[in-house]
Amino acid sequence: MLLLMMGNLIILPVGITFFRDENTPSWIIFNVVSDTLFMVDLVLNFRTGIMKEDSTEILLDPRAIRQKYLKTWFLVDFLSSIPVDYIFLMVDSLDSEVYRTARALRIVRFTKILSLLRLLRLSRLIRYIHQWEEIFHMTYDLASAMVRIVNLIGMMLLLCHWDGCLQFLVPMLQDFPSDCWVSKNLMVNDTWGVQYSYALFKAMSHMLCIGYGAQAPEGMTDVWLTMLSMIVGATCYAMFIGHATALIQSLDSSRRQYQEKYKQVEQYMSFHKLPADLRQKIHEYYEHRFQGKMFDEENILGELSEPLKENIVSFNCRSLVANMPLFANADPNFVTAVLTKLRFEVFQPADFIIREGTVGRKMYFIQHGRVSVLTRGNKETKLSDGSYFGEICLLTRGRRTASVRADTYCRLYSLSVDSFNEVLEEHPMMRRAFETVAVDRLDRI
């Protein structure tokens with residue numbers, strides 16, 4: 001149906017406008033097949049399920065489908081499916097006195113205008129393409145954006161095609177007056193290819209607002225057609241610019257959000273006249289922390305159900321869970337409870353994550369990086385991926401017993417003291433595991 005509709009929307013205006021003899025076998029076959037299939041499609045729409053707007057449920061009740069279709073698209077589809085040509089063809093075959101009189105009065109030529117009702121099939125094309133857009137949007141954002149861009153360009157080209165046919169159809173219905181562009185360019189008896197090419201060139205010149213074609217319009221008909229083309233062209237141009245801008249921005253909204261955020265940071269650093277080395281550290285921090293993309297992750301996760309949130313957090317922290325012996329043999333419920341309360345943090349080389357003697361409010365899990373644990377006796381203990389630290393003062397409710405310094409860029413997850421106690425109250429066995437490790441570390445210190 002998509003291919004047939006596209007063929008109709010392209011071929012019908014050309015046939016109606018540039019071919020005076022529309023009773024050739026090929027033209028009749030094309031129209032008969034098209035009209036028949038569109039009438040079948042019209043009937044099938046009374047039996048086609050409709051997706052409800054407020055849910056994924058499909059409406060399958062024939063009476064409800066019929067009522068909804070009659071209230072929405074039935075009239076447009078019915079008008080576009082009327083076989084106008086064959087009604088007049090049957091009248092022509094009667095060869096009656098009335099018909100000969102009508103032909104003499106040039107009334108029959110208005111069958112061409114009635115035939116343009118078939119162009120209302122554009123509504124079906126838009127509906128079906130919209131369904132394809134929804135399918136692509138559910139799978140790939142890039143594919144969805146490309147489909148929308150192609151649709152927009154295709155719609156503009158189709159309007160140019162229709163406008164080109166209209167530029168020739170109106171003078172043709174007037175029997176080519178002497179002041180029309182066709183007569184001035186001596187194209188009345190040229191082939192349809194030449195006529196169409198010049199008509200399309202004239203239409204695109206108007207629509208793109210770059211000129212009037214080969215010459216400026218003189219007759220009133222040409223003047224009004226030119227104004228119509230310019231209005232349609234300017235509207236299409238504005239729509240194209242707006243849609244293209246929105247599509248480009250929507251392709252990577254997270255990167256755009258990051259760039260806007262970092263511009264604010266740059267202006268902040270400039271306003272406070274921060275030194276160059278500090279600006280460089282801030283720049284490197286943002287690069288490692290956000291990696292060129294920024295999301296409101298807390299808000300996104302807050303809108304999801306608990307099972308979905310747990311699945312996402314478990315997937316995001318899968319490398320941490322895989323590298324951490326503490327989680328390897330732990331209760332899955334404990335692991336999930338801990339993961340949902342973690343907060344992601346980034347530290348730069350030489351940053352002190354923990355300072356000895358301060359009140360401890362967090363413990364840390366190392367996803368990636370290496371840190372040094374520094375004690376009063378100048379002992380250094382290295383910790384890397386899969387290790388954790390800072391739990392001692394959370395268990396003892398005391399002050400930090402050592403300092404921890406980042407040796408490389410460290411990607412850590414922190415767990416606050418309140419979340420720590422809340423999780424261990426639900427899993428007392430894990431408190432003993434933490435206490436065992438804490439006692440061993442205190443002995444070494």
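Give me the dipole magnitude in Debye, nearest 20, for region 130-286 about the Cα centre, with unit charges on the beta carbon: positive for Lys and Arg, negative for Asp and Glu.
The calculated dipole for region 130-286 is roughly 760 debye.
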*Any idea which of Trp192, Leu225, Asn323 is furthest toward the positive side of the dipole for the chain, if Lys and Arg beta-carbons carry +1 and Asp and Glu beta-carbons -1?*
Asn323
*Packing-wise, with mean Cβ within 10 Å as the measure, how do 288-297, 358-367 rank, highest first?*
358-367, 288-297
*With viscosity set to 0.692 mPa s and temperature to 37 °C, compute the Stokes-Einstein D of region 180-266, Rh being the Kirkwood radius across alpha carbon pairs; µm²/s, no decimals.*
205
*asked:* What do you get for the angle between helix 84-94 and the principal long axis of the chain? Use alpha-carbon atoms, 0 to 90 degrees, nearest ten.
replied: 20
*So what is the relative contact order for the chain, in percent, with contacts set as C-alpha pairs under 8 Å and at least six apart?*
10
*Accessible surface of the chain [probe 1.4 Å, protein heavy atoms]: carbon and sulfur percent*: 62
*q = 0.16, 0.18, 0.23, 0.25 Å⁻¹, region 1-68: log10 I(q)/I(0) [Debye, one scatterer per Cα]*: -0.69, -0.76, -0.97, -1.07
*With +1 on each Lys and Arg Cβ and -1 on each Asp and Glu Cβ, how big is the dipole of the chain about its Cα centre, in debye rounded to the nearest 20?*
1200
*With axes computed from alpha carbons, what is the tilt in degrees of helix 122-139 against the longest principal axis of the chain, rounded to the nearest 10 within 0 to 90?*
20
*Semi-axes of the chain's equivalent ellipsoid from the Cα gyration tensor, sqrt of 5 times each eigenvalue, largest first, rounded to whole Å?*
75, 29, 14
*Taking only protein heavy atoms into account and a 1.4 Å probe, give the accessible area per residue of region 263-398 in Å².*
61
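Find the Cα radius of gyration of region 288-330, compare it with 2.2 N^0.38 Å by division, and give the number to two decimals.
Normalised Cα radius of gyration, region 288-330: 1.41.
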*Which one of Tyr286, Ser305, Ala276 is farthest out on the positive end of the charge dipole of region 247-331, using unit charges on Cβ (Lys, Arg +1; Asp, Glu -1) and the Cα centre as origin?*
Ala276
*Is the shape of region 343-409 best called rounded, prolate or oblate, per the rule: a/c under 1.5 gives rounded, else a/b larger than b/c gives prolate, else oblate, with a ≥ b ≥ c the square roots of the Cα gyration tensor eigenvalues?*
oblate
*Determine the calculated [θ] at 222 nm for the chain from helices alone, applying -39500 (n - 2.57) to every DSSP H run no shorter than 4 residues and normalising by the residue count; nearest 500 deg cm²/dmol.*
-20500 deg cm²/dmol
_At 0.890 mPa s and 25 °C, Stokes diffusion of region 299-427 via Kirkwood alpha-carbon radius, µm² per second_ = 160
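So what's region 376-444 giving for Rg/Rh, alpha carbon basis, Kirkwood Rh from the mean inverse pair distance?
Reported Rg/Rh (Cα atoms, Kirkwood Rh): 0.96.
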*In this model, which of Lys362/Lys382; Lys263/Lys382; Lys273/Lys362; Lys281/Lys382 are farther than 27 Å apart at the alpha-carbon?*
Lys263/Lys382; Lys273/Lys362
*By how many degrees, between 0 and 90 and to the nearest 10, does the Cα long axis of helix 428-444 differ from the longest principal axis of the chain?*
60
*Considering only Ala216, Gln257, Ala238, whose Cα is most displaced toward the positive end of the charge dipole of region 196-264, charges sitting on Cβ of Lys, Arg (+1) and Asp, Glu (-1)?*
Gln257
*Sort 347-357, 428-438, 226-236 for me by packing, meaning the mean count of neighbouring Cβ atoms within 10 Å per residue, highest on top.*
226-236, 347-357, 428-438
*Stokes-Einstein D for region 267-339, Kirkwood Rh over Cα pairs, 10 °C, 1.306 mPa s (µm²/s)*: 103
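The values are calculated or read from the model by the stated rules, or taken from the named source; none is laboratory data. Predicted, not measured: the structure shown is a model, and the values here were computed from it. With ideal geometry, Cβ positions are generated from the backbone for all residues, glycine too; neighbour counts draw on all protein chains shown. For accessibility, only protein heavy atoms count, side chains too; no ligands or nucleic acids. Shrake-Rupley method; radii C 1.70, N 1.55, O 1.52, S 1.80 Å.
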